[in-house]
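Colleague: Just passing along the structure, written as structure tokens.
The values are calculated or read from the model by the stated rules, or taken from the named source; none is laboratory data. Quick caveat, the model's predicted, so the values are computed rather than measured. Don't worry about glycine lacking a Cβ; one is built from the backbone with ideal geometry, like all the others, and counts go over all protein chains shown. In case anyone asks, the SASA skips ligands and DNA or RNA and just uses the protein heavy atoms, side chains included. Shrake-Rupley method; radii C 1.70, N 1.55, O 1.52, S 1.80 Å.
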Amino acid sequence: MAFDDVDFEGRTAFITGTSRGIGKAIALDLADRGANVVSTGKTVDGREDLPGTIVETTEEIRERGGNSIWCQLDVRDDDSVQTAIDETVDAFGGIDFVVNNAGAIHIAGFEDTPPKRFDLLMDVNARGAYATTHAALPHLRESDHAHVVTFSPPMPARPAPGKVAYALSKYGMTFIAQSLAGELDADDIGVNALWPVAAIESEATRHFGMGTPEDWRTPQIMCDAVAELFSRDPTDCTGNAFYDEELLSEAGVDDLSSYAVVEGSEPGPMSAQLFDPDYER
């Protein structure tokens, strides 16, 4: 496993959307690296058709010897966000990392995306990242290692017909991150966006039919990219919109074969091309 020497002992990570998928993987990974992890999301009671809860993620972290609490959180509800932030500080004394992972997905044309669905995408994605970071800001200012990351792509190379609402909500996350980077520069808080080049195996990729397992990488690639990002000096690393492959390459990792879901496969840049059809490695 890459980045075995990255240690976040004593630092606290507030992560949105940790019931399953990338969010859960990052929660487990940061906990394994010594961080106190706050597992948050709407899912407290399990569902047969949708595995995983924030409670189970915290329990798994504790079983592995890590420190974690769970907080039920709806990123669309400001009171819910503030309560979760307050509970985090009560439990661990502060916040060092904010991972804006919670997301809503709806890839469809304009006619098939009613305004109510548009509102959901904007509220969960762009506004959710804004509200969570806003509530955490006083505590991030107290940290010597403050990082905020949004899981969103680089700003658009072109318009996005066929997915305008989803694209706007994700670009909004990146715009917020890069704008805050400039505004918070004097506070020594690193704010960046991060997006995978290839599709990541998750309930979302399966549900939306984003290729086959040969096209997917495991969430570990995003875990390692986050570890690399959070290990950097926030005063030197801010205002970027990274691809995962870019961060790993800068860290000296050029062989990405271990991240393939199907051994020997070479996943294409499906996730990058979702927003930038001209993207090439």
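Colleague: Taking the conditions exactly as written (over 19 Å from residue 22 (Cβ atoms) and either without any contact (Cβ under 8 Å) to a residue 60 or more places away in the chain or within 14 Å of the chain's Cα centre (by Cα) (or both)), does residue 185 satisfy them or not? Break it down stepwise before answering.
Modeller: Details: over 19 Å from residue 22 (Cβ atoms): yes; either without any contact (Cβ under 8 Å) to a residue 60 or more places away in the chain or within 14 Å of the chain's Cα centre (by Cα) (or both): yes.
When the stated conditions are applied, residue 185 passes them.
Colleague: Residue check, residue 34 against (1) under 28 Å from residue 274 (Cβ atoms); (2) part of a loop (DSSP other than H, G, I, E, B), all met but one. Which one?
Modeller: Among (1) under 28 Å from residue 274 (Cβ atoms); (2) part of a loop (DSSP other than H, G, I, E, B), the lone unmet condition for residue 34 is (1).
Colleague: Within the group 69, 107, which residue is of a type outside the set (Gly, Ala, Ser), in contact (Cβ under 8 Å) with a residue 60 or more places away in the chain, open to solvent by 30 Å² or more (accessible area, probe 1.4 Å) and not in a helix (DSSP H, G or I)?
Modeller: From the options 69, 107, the qualifying one is 107.
Colleague: Here is a check on your reading of the model: is residue 173 assigned to a helix (DSSP H, G or I) and under 17 Å from the mean Cα position of the chain (by Cα)?
Modeller: yes
Colleague: Of (1) open to solvent by less than 30 Å² (accessible area, probe 1.4 Å); (2) not aliphatic (A, V, I, L, M); (3) not in a loop (DSSP other than H, G, I, E, B), residue 237 satisfies all except one. Which?
Modeller: Going through (1) open to solvent by less than 30 Å² (accessible area, probe 1.4 Å); (2) not aliphatic (A, V, I, L, M); (3) not in a loop (DSSP other than H, G, I, E, B) one by one, residue 237 breaks only (3).
Colleague: What's the number of the condition residue 253 fails, among (1) surrounded by 15 or more Cβ atoms within 10 Å (Cβ to Cβ); (2) closer than 24 Å to residue 18 by Cα; (3) in contact (Cβ under 8 Å) with a residue 60 or more places away in the chain?
Modeller: (2)
Colleague: Do you know which residues across segment 171-194 are open to solvent by 60 Å² or more (accessible area, probe 1.4 Å), among the acidic types (Asp, Glu) and modelled with pLDDT of 95 or more?
Modeller: If the condition is that a residue be open to solvent by 60 Å² or more (accessible area, probe 1.4 Å), among the acidic types (Asp, Glu) and modelled with pLDDT of 95 or more, then 183, 188 are the ones that fit.
Colleague: Any residue in segment 1-22 that's farther than 19 Å from residue 232 by Cβ and surrounded by fewer than 20 Cβ atoms within 10 Å (Cβ to Cβ): show its pairings with residues that are of a type in the set (D, E, K, R) and modelled with pLDDT of 90 or more at Cβ separation under 9 Å, as long as the two are six or more apart or on different chains.
Modeller: 1/224
Colleague: Kindly establish whether residue 197 is of a type in the set (Val, Ile, Thr) and crowded, with 16+ Cβ neighbours inside 10 Å.
Modeller: yes
Colleague: Sort out which residues of segment 208-233 are open to solvent by 60 Å² or more (accessible area, probe 1.4 Å) and among the charged types (D, E, K, R), and write them in order of number.
Modeller: Result: 214, 233.
Colleague: Let me spell it out: the conditions are (1) modelled with pLDDT under 95; (2) out of contact with any Leu (no Cβ under 8 Å at 6 or more places or on another chain); (3) closer than 30 Å to residue 162 by Cα, and residue 48 meets all of them except one. Which number is the exception?
Modeller: Here residue 48 meets the rest and fails (3).
Per-residue answers, yes or no, for (1) under 18 Å from the mean Cα position of the chain (by Cα); (2) in a helix (DSSP H, G or I):
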residue: 91; (1), (2): no, yes
residue: 116; (1), (2): no, yes
residue: 128; (1), (2): yes, yes
residue: 133; (1), (2): yes, yes
residue: 154; (1), (2): yes, no
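Colleague: In segment 143-170, which residues are open to solvent by less than 10 Å² (accessible area, probe 1.4 Å) and either at pLDDT below 95 or farther than 30 Å from residue 95 by Cβ (or both)?
Modeller: Residue satisfying the conditions is 165 alone.
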